[in-house]
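J.: This structure is in structure tokens; I'll ask about it shortly.
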Protein chains: 2
Amino acid sequence: MSRNQESKMKILSTASTLFQKQGYHATGLNQIIKESGCPKGSLYYYFPEGKEQLATEAINRTKDFAAQELRNLFSQHDDVIKALECFFGQCLSFNPKIAHDGIPLALISLETWHMSEQLRLACKNAYEELIMILREKFIQSNWPPEEATEMAYLVFSMIEGGSIFVLTYKSNESLKRICKSIIELIKLKQKEIRRKLRNEL
Amino acid sequence: MSRNQESKMKILSTASTLFQKQGYHATGLNQIIKESGCPKGSLYYYFPEGKEQLATEAINRTKDFAAQELRNLFSQHDDVIKALECFFGQCLSFNPKIAHDGIPLALISLETWHMSEQLRLACKNAYEELIMILREKFIQSNWPPEEATEMAYLVFSMIEGGSIFVLTYKSNESLKRICKSIIELIKLKQKEIRRKLRNEL
DNA sequence: GTCTATATGTTGATAGAC
DNA sequence: GTCTATCAACATATAGAC
């Protein structure tokens, strides 16, 4: 790989981190190039459409990274409940002071949905992919497609909402409670589903 | 009420709306005074500490407004499930294009938690008050305090997360699904709680 | 491809006349 | 209390030498 592509990757990874933590508007291009150590000229060379293009590619990068991690994590457990417990453990192991990987997209999505169709669609696309991964896991555990879809959306909305509390409270406590409740509720729901399945047989 | 206080209120209400929709960094003081119709001199007369003070008071205003509405809504139903169904109906009746009252705080909280302790605490305080209102409603419906706390956090995190989807997707569909699932899960949990209570008697 | 210098606009904030 | 003029600092973006 040429030296140029290395510069592009450096800019992109720095931008991803900063956009996730500080948001779109609070992150200046000057800060990005300064922290990446790359020359400013390179930024507009690799991202000629400027900030919006850079943010779009940063979102896609974040999505790819998260999707890969999620798939990898889920491949280690057959049962969806075990997989989610593992996933939640991962979420909770992050220190709120340094990591905010729980909400890689919430902030930039809330900031930009009304002003940039390009960024909104990038976020939407990212959410859809991540949710589908979880949905597939429910289906693998014999959940009916309809219930799998519903629960996947539910779990993701709780993670997003719970992550907001983590940062606002600067504490993991509420997310811990939330994850515990989710697992409990999923188990309740799974019992109901299996009972229904037995009755249908 | 003097004319001055009227100017202050006008600035504050305009600021609240803009901060909620566009966020903290995307909303300039110039835009606020322009849309409020008030003179710029008034802004620094009433909010001498500038943007941060204005945002803090805007958050508190939003919190008071939301808390009052929630209390009013909940007072109309004795049962917490009926109350929540009514609340969700209210949430879903908002058009995503014009209203974003579902997430009055998520955006500004995610934007500012790491850079302003004053704003973070204002958001935290707001969340706590709203969650306690819901918790009280669960307790009124004979939920044990521990379970009431857990479920209140859970419901709010789902609403926050679900609202992110509403805006990102520009559609109510996912929030509808989420609300439906929440109600269903609460009913399941309530059955379990009542069974436990009967066993203890 | 890299880097500097700069153009152009907007931000939050202030000073001072009225 | 109101309003104007203005500040310095920041933003995104560009032009052109090397």
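J.: Would you mind stating whether residue B:138 is within 12 Å of chain A (Cβ to nearest Cβ) and among the aromatic types (Phe, Trp, Tyr)?
T.: Working: within 12 Å of chain A (Cβ to nearest Cβ): no; among the aromatic types (Phe, Trp, Tyr): yes.
Spelling it out, it is not the case that residue B:138 is within 12 Å of chain A (Cβ to nearest Cβ) and among the aromatic types (Phe, Trp, Tyr).
J.: Then there is this: So, in the range B:141-183, how many residues would count as being charged (D, E, K, R) and within 8 Å of chain A (Cβ to nearest Cβ)?
T.: 5
J.: One residue is enough: does the range B:90-110 have a residue meeting the conditions within 14 Å of chain A (Cβ to nearest Cβ), more than 12 Å from DNA strand C (Cβ to nearest atom) and of a type in the set (S, T, N, Q)?
T.: yes
J.: Would you mind finding the one in B:66, B:58 that is within 16 Å of DNA strand C (Cβ to nearest atom), within 19 Å of residue B:127 (Cβ to Cβ) and part of a helix (DSSP H, G or I)?
T.: One residue alone meets the criteria, B:58.
J.: In the range B:6-22, what count of residues is obtained for those that are open to solvent by 70 Å² or more (accessible area, probe 1.4 Å) and either modelled with pLDDT of 95 or more or within 11 Å of DNA strand D (Cβ to nearest atom) (or both)?
T.: 2
J.: Can you pull out the residues in the range A:23-41 that are out of contact with any Asp or Glu (no Cβ under 7 Å at 6 or more places or on another chain) and within 10 Å of DNA strand D (Cβ to nearest atom)?
T.: Scanning the range A:23-41 gives A:27, A:28, A:29, A:30, A:31, A:32, A:33, A:34, A:39, A:40, A:41.
J.: Return yes or no: is residue B:47 surrounded by 12 or more Cβ atoms within 10 Å (Cβ to Cβ) and within 15 Å of DNA strand D (Cβ to nearest atom)? Spell out the reasoning first.
T.: Details: surrounded by 12 or more Cβ atoms within 10 Å (Cβ to Cβ): yes; within 15 Å of DNA strand D (Cβ to nearest atom): yes.
For residue B:47, the condition - surrounded by 12 or more Cβ atoms within 10 Å (Cβ to Cβ) and within 15 Å of DNA strand D (Cβ to nearest atom) - is met.
J.: Let me ask another. Of B:157, B:171, B:163, B:93, which residue is polar (S, T, N, Q) and touching a helix residue (DSSP H, G or I) at 6+ places or on another chain (Cβ under 6 Å)?
T.: Numbers: B:171 fails: touching a helix residue (DSSP H, G or I) at 6+ places or on another chain (Cβ under 6 Å); B:163 fails: touching a helix residue (DSSP H, G or I) at 6+ places or on another chain (Cβ under 6 Å); B:93 fails: touching a helix residue (DSSP H, G or I) at 6+ places or on another chain (Cβ under 6 Å).
Answer to the selection: B:157.
J.: If you take the residues in the range A:54-79 that are out of contact with any helix residue (DSSP H, G or I) (no Cβ under 8 Å at 6 or more places or on another chain) and polar (S, T, N, Q), which one is nearest to residue A:137 (Cα to Cα)?
T.: It comes out as A:75.
J.: Give the range A:120-179 a look and list any residue that's among the charged types (D, E, K, R) and under 23 Å from residue B:59 (Cβ atoms), or say none.
T.: Correct list: A:160, A:170, A:173.
J.: If you take the residues in the range B:123-135 that are of a type in the set (A, V, I, L, M, F, W, C) and at the interface with chain A (Cβ under 10 Å from one of its Cβ atoms), which one is surrounded by the most Cβ atoms within 10 Å (Cβ to Cβ)?
T.: B:123
Conditions (1) surrounded by fewer than 12 Cβ atoms within 10 Å (Cβ to Cβ); (2) near DNA strand D (Cβ under 9 Å from one of its atoms); (3) modelled with pLDDT of 95 or more, marked per residue:
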position: A:2; (1), (2), (3): yes, no, no
position: A:55; (1), (2), (3): no, no, yes
position: A:76; (1), (2), (3): yes, no, yes
position: A:88; (1), (2), (3): no, no, no
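J.: Scanning the range A:23-34 for residues that are assigned to a helix (DSSP H, G or I) and surrounded by 19 or more Cβ atoms within 10 Å (Cβ to Cβ), which turns out nearest to DNA strand C (Cβ to nearest atom)?
T.: Step one: of the range A:23-34, the residues assigned to a helix (DSSP H, G or I) are A:29-34.
Next cut, surrounded by 19 or more Cβ atoms within 10 Å (Cβ to Cβ) only: A:32-33.
On the way: A:32: 13, A:33: 8 Å.
Top of the filtered list is A:33.
The values are calculated or read from the model by the stated rules, or taken from the named source; none is laboratory data. If you're wondering where the values come from, they're calculated on a predicted model, not measured in any experiment. We place every Cβ from the backbone using ideal geometry, glycine too, and count neighbours over all the protein chains shown. For the accessible areas, the whole protein counts, side chains as well, though only heavy atoms, and no ligand, DNA or RNA atoms are used. Shrake-Rupley method; radii C 1.70, N 1.55, O 1.52, S 1.80 Å.
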